[in-house]
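This report refers to the structure that appears directly beneath it.
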Amino acid sequence: NMSKLNKYINSQLSQKKELADPSEIIHELLTHLNKNLSDAIKSIDKGKINDAKEKARKAESIAHALQNCLNIKDGGEIAENLNYLYRHIRFAAKNLLEKEKSELLTSAHFVSNEILEGWKGLNSSVA
């Protein structure tokens, strides 16, 4: 019986090791954030407001998830700055969702692109 339990525990541990490390997950989230904002802008340009709202809704929830990943206590100025930028992105998305105003999306997309590029640069210098 113990050997079955040990096999189970070991299989659970090896599955966990196969999971992406946090930096990969954040990179994935930033990539999707950037793409959803870009797609929202494209949809607006085509006059497809509902498609744009769907993308903005996704972007808003991704930015919220990224905010929750921040270590505000120990992250210092960088974490505070990122928190501010994610808030801007969420505000831009909500502006579209609640007021159908899209003018902030361009700056939100620019910000998400800068964060993504910075993250890529950070990861390549560490790796």
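The values are calculated or read from the model by the stated rules, or taken from the named source; none is laboratory data. Predicted, not measured: the structure shown is a model, and the values here were computed from it. We work out accessible area using only protein heavy atoms, side chains counted, and drop any ligands, DNA or RNA first. Shrake-Rupley method; radii C 1.70, N 1.55, O 1.52, S 1.80 Å.
At 1.4 Å probe size, with no ligands or nucleic acids counted, give the accessible surface of Glu80 in Å², nearest ten. Here the residue's solvent-accessible area equals roughly 110 Å². Taking each of Lys58/Lys94; Lys58/Lys120; Lys35/Lys120; Lys35/Lys99; Lys73/Lys94; Lys55/Lys99 in turn, the alpha-carbon distance tops 18 angstrom for Lys58/Lys120; Lys35/Lys99; Lys73/Lys94. Straight-line reach from Lys101: taking Cα to Cα under 18 Å and skipping same-chain neighbours fewer than 8 places apart, the aspartates and glutamates in range are Asp39, Asp45, Asp51, Glu54, Glu60. Start at zero, step by 10 Å, and the Cα-Cα distances of the stretch 42-127 spread as 17, 45, 26, 10, 1 percent across the bins. Heavy-atom accessible area with a 1.4 Å probe sorts Ser112, Ser38, largest first, into Ser38, Ser112. Whole-Hz Karplus values for the stretch 49-64 come out as 5, 5, 5, 4, 5, 4, 5, 5, 4, 5, 4, 4, 6, 5, 4, 5 Hz, taken residue by residue from phi with 6.51 cos²θ - 1.76 cosθ + 1.60 and θ = phi - 60°; glycine and proline positions read x.
For Asp21, the solvent-accessible surface computed with a 1.4 Å probe is close to 60 Å², ligands and nucleic acids excluded. Scalar couplings 3J(HN,Hα) for the stretch 70-84, obtained by applying the Karplus form with A = 6.51, B = -1.76, C = 1.60 to θ = phi - 60°, are 5, 9, 5, 5, 10, x, x, 5, 4, 4, 5, 5, 4, 4, 4 Hz; x denotes Gly and Pro. Average accessible surface for the stretch 26-82: 59 Å² per residue, computed with a 1.4 Å probe over protein heavy atoms with every protein chain in place.
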